[in-house]
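Participant: Would you mind keeping the following structure in view while I ask a few things?
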């Protein structure tokens, strides 16, 4: 049953679904008990949507909204659809989740309490500490460091003493300010998937909005089919075994973001260059379809260089501006 204090708070949850786990119904039911309103944005095939409609009894609940898209147009559009619906209900905060992510313990209350206590109004999102499927993978965020514009450092959640401003965060687990989302212009739909959250964070910072990490709030989240490997017998490596199409969009969108934001945020550009190189190295060293992934990475990089950055569309008040 929904906690009374939560029922009086101005927030809702947006879950984006595509190829979800078998226990999606249970996950949604548990989330519905934690929020005044839950929005499921369904990007799955029509036959899967029909099956869900027949099986999920709680779909009839007036606190639940099911947005069924006729085709998958990407996570950015789905997130915008969900947040826009919560905006239409007059809600002030939107917690965005992937279909395989779940809040741990009092994560939602911790983020909401932080939002209530915020002195500044320049916060685009509060984000939790992420617990990955492998316990020894530590949650960390890049933060611009020092006077050198190319320099960054990694801030680890287990070393933080309290809420801290960070440069980037993943969209799953974000408690978004709906007002900031509208002012920033929503998520950039032309990216389709991958680095959508990174681009949103960079644009938020360009609009003088901050991303605040709250280490006491914790989210269970999976990245691909991550496994633990050893590189040269010394360094640990964690290949994620993403599908090849993900490597294409990561490479293409990385170039798009460099063109759009690289000069403004050179420390992020350096961080992204290193992250992309590490991802490719792990794929080539440990993943079975390595040459396919190398090929699509090259193709994605080429397409990113030869194609204009997709326009901002569909978000909020700033969506007509060219950022």
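Computed from the coordinates by the stated procedures, all read-outs in this text should not be read as laboratory data. The model shown is predicted, which means the values in this text are computed figures rather than measured ones.
Participant: For the chain, find the longest principal axis of its Cα atoms and tell me its angle to the long axis of helix 46-55, 0 to 90°, nearest 10.
Facilitator: The helix 46-55 is inclined about 40 degrees to the chain.
Participant: Mind checking the angle between helix 107-117 and the chain's longest principal axis? C-alpha axes, 0 to 90 degrees, to the nearest 10.
Facilitator: Result, in degrees: 90.
Participant: How high is the relative contact order of the chain, in percent, counting Cα pairs under 8 Å that sit 6 or more residues apart?
Facilitator: The value is 19 percent.
Participant: P(r) tail for the chain, what percent of Cα pairs lie past 26 Å?
Facilitator: Here the tail beyond 26 Å accounts for 47 percent of pairs.
Participant: From the mean inverse distance of alpha carbon pairs (Kirkwood) and the Cα radius of gyration, derive Rg over Rh for segment 229-306.
Facilitator: For segment 229-306, the value is 1.01.
Participant: Still on this model: Where both residues lie in the chain, what percent of DSSP beta bridges are antiparallel, nearest 5?
Facilitator: If we restrict to bridges inside the chain, about 45 percent are antiparallel.
Participant: Oh, and also: Taking only Cα atoms, what is the 0 to 90° angle, nearest 10, from helix 196-206's long axis to the longest principal axis of the chain?
Facilitator: Approximately 90 degrees, to the nearest 10.
Participant: So how much slack lies between residue 117 and residue 47, counting 0.36 nm per residue of separation and subtracting their Cα-Cα distance, in nm?
Facilitator: 20.7 nm
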